[in-house]
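Notes to accompany the following structure.
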Amino acid sequence: MNFVKLIRTSVLLSSLLLSSFLFAQNTGVISVSTDPQPREGKDFTVVVNSSNPAVTFGKVVFGYRLPNDEFVEKEMQFDKGSWKYIVTSDYSIPPRLEYYVIATLSDASEATYPTDNYRQNPAYFSVSPKGLTDAIAVLMGEEGTKVAPEDFMIMLSYYTISDQIDLGTVKLVINGKDVTTEASVTADALNYLPASTPKGKQSISFEAKLKDGTVVGPLNWNVSVVSKDEALAEEEAEKNYSFAGNVWDEYRYEKFASGTKSINRANVTMNGNVHWLTYNANVYKTSEESKFNQASDRYTLKLGSEYLDLTFGDAYPSYSRLMMNGSRVRGVEGNLKTNYINIDAAYGYLKRATEATFSNTVYMIKDPNDPINASISDSLTKLIQEIEGEEYIKISSAGGVLTYKKVSNGGGAFDRELLSVKVSFGSKKEGFNTGFGFLRSADDVESNKYGSNPTANLVLATDMQLRYDNGRFELYGDAAFSLNNSDVSSTNEEITKEIKKNIPGGDGTYNFIDNIIPISGGLSAPTSAEQIPKYMAFLAGLKLNYWNNYFKLEYLRNGSTYKSEGLPFFQNDIQGVKLTDRLRLWQNRVFLTFGYDLLTDNTSGDKDKKDSNGKLVYDGTTTRNNIRSGFAIFPGVGLPSFSFDFIRGTAKNEIPTNLIASSDYGANTFQLGSNYGFTAFSGYHTVGLSVAVTNKVDNRDEAIYLKQYGFSSADQTVRSIVLSYGTTIGKDLSANFSYNNSNSSYKEVVFLLADSLRGTSGYAKGKDAETSYNILEASLGKSFFDSKMKAQVRANATIGELNQYIFGTNAQYYFMSNLFSTADFNYILNEGEDADLLFTLRLQYVF
């Protein structure tokens, strides 16, 4: 079939089954959604895409936390055209999960969601609390199982709501037949053992009511009844062997004003088990891989067992909150797991060496040391000195000619080798556990002859935790010490001799330390006992989860020079306390939250100002207060949910306004959200509303600040409104619509030139300014040929200072249930520029 005709047909007939679009949040070039909607105690996948098809991501980092907790940063994985990360059930806790996204674009720049102050004011996913159906546990006859006729049995438990359930309303239906009277119904369980059961699929449904009339269910699932031999074979196969995976290949064509580009991507994923050994393998290859950038390809093979896990390729070790927590390492990782001793170790590379790029200007100079150039040797030498003074470097000296070029990317990166080991004692899940570990990373100076400032990092860490009552009580603490060398190539022979002369053990001790952390001019290390806290980090906390109340209190102190290469995000030079409290009320339908942070910087007093006599003139410490309170209401099925949050943040120090480091501001943020799902007109509909308003007030003297720096005050008001609507009608038709309005009012600096006629000099002044944009999105979808083909049309309009319009269509066709192809086309109209064109074709096989 002619593909253009297929696309035209798709446009006319419309497309796209309802996905998690309703839970997507959008700003700039980043679109974030979840699959499925976050629900308490359930894993869910975060999906990140570029909302502008003309913009592609080379790397995406997802940061997330429970309200007022510490952020966890993880690199997302590219899968089937999107960036994905699975959030585990540990973080699926109502009322919300806060997050941000950092995307590295193809030009190496970064985009974030939210765009401003993403760590201070993160976005969030609403997490629905457990429903009443979650109180029903299927103990026998679980979903998807295969059993012999004589072994078919249904056993349900509802003991958590046994004092509320009306036993007279309990109903069990199998294949459309009410079999409740044949079952044994007790105060906290139901058992059904039929006299005989025919082979085939058994469709099972359970429902009941509480004593107040609230409906529980229906809970629906399927069980297959097969022959005894088939059931035994299935059980044996699942026990000894399993295999699954998928493979896809993708071609992408891009046409922009700057030119055209073709991209090829392919991915293979396999997972399963052989007896006691589990395995998970993933290979991702892309033509975007470049020797000038960090790796875009990904390779992972993970082998697991009850006591030992091994990972080869790209691993993301998480051993300690202060030492190793989520940085990507390409190499090997091992985890020995027992209730008595645990060993975690990783070896590999945090970064790989990348090649230097050079400017277009080239100097080719005769070699002054060549006898043939003796008469002009002095002139050549002087010219070379001038060129080298402008940071040009010699890249070749062939044929008596020296070639000089200027490095334009810092000379590229070095191979950054890492070794991290942690040994801990006790169970990680319950009881007492304590551990000790170290991390060493160092750049290989031989891996890149044009690179600059090779670094090294050493971290020593310890931690402990005391957990009881299935984690409802937890006491924990971490401590770490680091040394960092910002330039191992910076040497000083005189200092080296002096150190060897005075250090105990002389050359032997010096060489031992130098092999662990290179001793050079770039080494930062304490020179007295008073300086040791600058190189340390501490963390201690208490968690309590009783009486429907989650409480957490934490103290932290991160020294001003503490650093670990194993932490993708870490804020040093800060100390203080953080408190979080979350209370559940009204049968898990109302949540009250409260959080308070009191943090200060200047932990080593480096920002203080003293006079010549050592008297304190002003304290340079900035104190930050952050208060967050709110509530969320989940009334139940058929009723809208609501959430409201108020955030108050302040930052103040004593530094005078005429110094750039001064700070004195306060910000108030109000957030309102609501979601409503209902059935009407033969379809299911979902409506969402999100409103956020932030008002930041700068208390500094604007006149002084303008005169000193040309900066006006930081006064700013930001407003955002997002409306979304989605519907599905049957299995074939769906539609989604959304409207996003964002508005920002702020002070803009205007520089006025000198006017000699009026005798005025140039100056700056503040002017009220405003920016705003509106984003409208719509998509319509339909399935054809008994759902073998799914088609999509969509439109996106961004209206603001620069306008852009995107029109797209998508078609997916299933050749078999596990073999399908997807084609995607986008046409982009840019204001004042030529239109862009993008086309993607993907073939995927699931096995």
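The values are calculated or read from the model by the stated rules, or taken from the named source; none is laboratory data. Model, not experiment: these values are computed from the prediction. Virtual Cβ from ideal backbone geometry, glycine too; neighbours counted across all protein chains shown. Each accessible area value is taken on the protein alone, full model and side chains, heavy atoms only, with ligands, DNA and RNA left out. Shrake-Rupley method; radii C 1.70, N 1.55, O 1.52, S 1.80 Å.
Quick grid of which residues meet (1) of a type outside the set (A, V, I, L, M, F, W, C); (2) over 28 Å from LEU418 (Cα atoms); (3) at pLDDT 90 or above; (4) over 26 Å from the mean Cα position of the chain (by Cα):
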site: LYS534; (1), (2), (3), (4): yes, no, yes, yes
site: PHE538; (1), (2), (3), (4): no, no, yes, no
site: LEU544; (1), (2), (3), (4): no, yes, yes, yes
site: LEU556; (1), (2), (3), (4): no, no, yes, no
site: VAL577; (1), (2), (3), (4): no, yes, yes, no
site: LEU585; (1), (2), (3), (4): no, yes, yes, yes
site: VAL590; (1), (2), (3), (4): no, yes, yes, yes
site: SER612; (1), (2), (3), (4): yes, yes, no, yes
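So ASP163 ticks every box in (1) modelled with pLDDT under 90; (2) out of contact with any helix residue (DSSP H, G or I) (no Cβ under 8 Å at 6 or more places or on another chain); (3) open to solvent by less than 50 Å² (accessible area, probe 1.4 Å); (4) closer than 15 Å to LEU132 by Cβ but one. Which box is left unticked? The one condition ASP163 does not meet is (3).
Among the candidates LYS563, LYS607, the residue that is farther than 30 Å from ASN548 by Cα, modelled with pLDDT of 95 or more and either open to solvent by 70 Å² or more (accessible area, probe 1.4 Å) or part of a strand (DSSP E or B) (or both) is uniquely LYS563.
Just to be sure, is THR88 of a type in the set (S, T, N, Q) and more than 24 Å from GLY471 (Cβ to Cβ)? The answer is no for THR88. Can we say GLN804 is under 26 Å from LEU723 (Cβ atoms), surrounded by fewer than 20 Cβ atoms within 10 Å (Cβ to Cβ) and of a type outside the set (Phe, Trp, Tyr)? Considered against the rule, which asks whether it is under 26 Å from LEU723 (Cβ atoms), surrounded by fewer than 20 Cβ atoms within 10 Å (Cβ to Cβ) and of a type outside the set (Phe, Trp, Tyr), GLN804 comes out as yes.
Residues in the range 39-62 that are more than 23 Å from PRO568 (Cβ to Cβ) and not acidic (Asp, Glu): ARG39, GLY41, LYS42, SER51, ASN52, PRO53, ALA54. Scanning the range 713-730 for residues that are open to solvent by less than 60 Å² (accessible area, probe 1.4 Å) and under 20 Å from TYR124 (Cβ atoms) gives VAL718, SER720, VAL722, SER724, GLY726.
In the condition set (1) under 35 Å from the mean Cα position of the chain (by Cα); (2) under 26 Å from ASN588 (Cβ atoms); (3) not in a strand (DSSP E or B), ASP163 is compliant with all but (1).
Only one of the listed residues (ASP178, ASP229, ASP188, ASP212) is open to solvent by 60 Å² or more (accessible area, probe 1.4 Å), in contact with a Phe, Trp or Tyr (Cβ under 6 Å, 6 or more places away or on another chain) and not small (Gly, Ala, Ser). That residue is ASP188. Residues in the range 438-486 that are open to solvent by 30 Å² or more (accessible area, probe 1.4 Å) and either part of a loop (DSSP other than H, G, I, E, B) or basic (Lys, Arg) (or both): ARG440, LYS449, TYR450, SER452, ASN453, ARG467, ASP469, ASN470, ARG472, SER486.
Is it true that some residue in the range 62-77 is open to solvent by 40 Å² or more (accessible area, probe 1.4 Å), under 27 Å from SER320 (Cβ atoms) and small (Gly, Ala, Ser)? No, the range 62-77 contains no residue that is open to solvent by 40 Å² or more (accessible area, probe 1.4 Å), under 27 Å from SER320 (Cβ atoms) and small (Gly, Ala, Ser). Counting only strands (runs of 3 or more DSSP E) wholly contained in the range 179-238, the ones carrying 1 or more residues that are within 39 Å of the chain's Cα centre (by Cα) occupy 200-210, 215-225. Scanning the range 383-402 for residues that are under 45 Å from the mean Cα position of the chain (by Cα) and surrounded by fewer than 15 Cβ atoms within 10 Å (Cβ to Cβ) yields GLU388, GLY389, GLU390, GLU391, LYS394, SER396. Restricting attention to the range 589-619, the residues being at negative phi and out of contact with any strand residue (DSSP E or B) (no Cβ under 7 Å at 6 or more places or on another chain) number 7. Pairs are defined by a Cβ separation below 7 Å, a sequence spacing of at least 6 or placement on different chains, a first member in the range 694-712 that is part of a helix (DSSP H, G or I) and surrounded by 16 or more Cβ atoms within 10 Å (Cβ to Cβ), and a second member that is of a type outside the set (Val, Ile, Thr) and modelled with pLDDT under 70; the pairs so defined are LEU706/ALA764. Listed here are the strands (runs of 3 or more DSSP E) enclosed by the range 380-429 that have at least 1 residues being within 30 Å of GLY566 (Cα to Cα) and of a type in the set (Gly, Ala, Ser): 415-425.
All of ASP573, ASP597, ASP581, ASP601 fail the test of being among the acidic types (Asp, Glu) and over 25 Å from the mean Cα position of the chain (by Cα), apart from ASP601. For the range 620-652, filtering for residues that are out of contact with any strand residue (DSSP E or B) (no Cβ under 7 Å at 6 or more places or on another chain) and over 21 Å from LEU583 (Cα atoms) leaves 2. Reported count of residues in the range 294-309, each being over 30 Å from SER408 (Cα atoms), of a type outside the set (Ser, Thr, Tyr) and open to solvent by less than 60 Å² (accessible area, probe 1.4 Å), is 3.
Of everything in the range 136-153 that is within 41 Å of the chain's Cα centre (by Cα) and open to solvent by less than 50 Å² (accessible area, probe 1.4 Å), the residue that is farthest from ALA187 (Cα to Cα) is THR145. Considering the range 1-118, there are no qualifying strands (runs of 3 or more DSSP E) wholly inside with 2 or more residues that are modelled with pLDDT under 80, of a type in the set (D, E, K, R) and within 17 Å of the chain's Cα centre (by Cα).
How about the range 258-293: which of its residues are among the basic types (Lys, Arg), open to solvent by 30 Å² or more (accessible area, probe 1.4 Å) and under 30 Å from ASP309 (Cβ atoms)? Within the range 258-293, just LYS285 meets the criteria.
If you filter the range 673-682 down to residues that are part of a strand (DSSP E or B), surrounded by fewer than 16 Cβ atoms within 10 Å (Cβ to Cβ) and not polar (S, T, N, Q), you find that the one that is nearest to the chain's Cα centre (by Cα) is TYR676.
Quick one: is GLU98 open to solvent by 30 Å² or more (accessible area, probe 1.4 Å) and acidic (Asp, Glu)? Judged against the criteria, GLU98 is not a match.
Screening the candidates SER787, SER783 for the property of being of a type in the set (Gly, Ala, Ser) and either open to solvent by 40 Å² or more (accessible area, probe 1.4 Å) or at pLDDT below 90 (or both) yields one hit, SER787.
Of everything in the range 640-672 that's in a loop (DSSP other than H, G, I, E, B) and out of contact with any helix residue (DSSP H, G or I) (no Cβ under 9 Å at 6 or more places or on another chain), which residue is surrounded by the fewest Cβ atoms within 10 Å (Cβ to Cβ)? That would be ALA661. Is there a residue being among the hydrophobic types (A, V, I, L, M, F, W, C) and within 29 Å of SER106 (Cα to Cα) anywhere in the range 311-323? Checked against the condition, which is being among the hydrophobic types (A, V, I, L, M, F, W, C) and within 29 Å of SER106 (Cα to Cα), the range 311-323 yields at least one hit.
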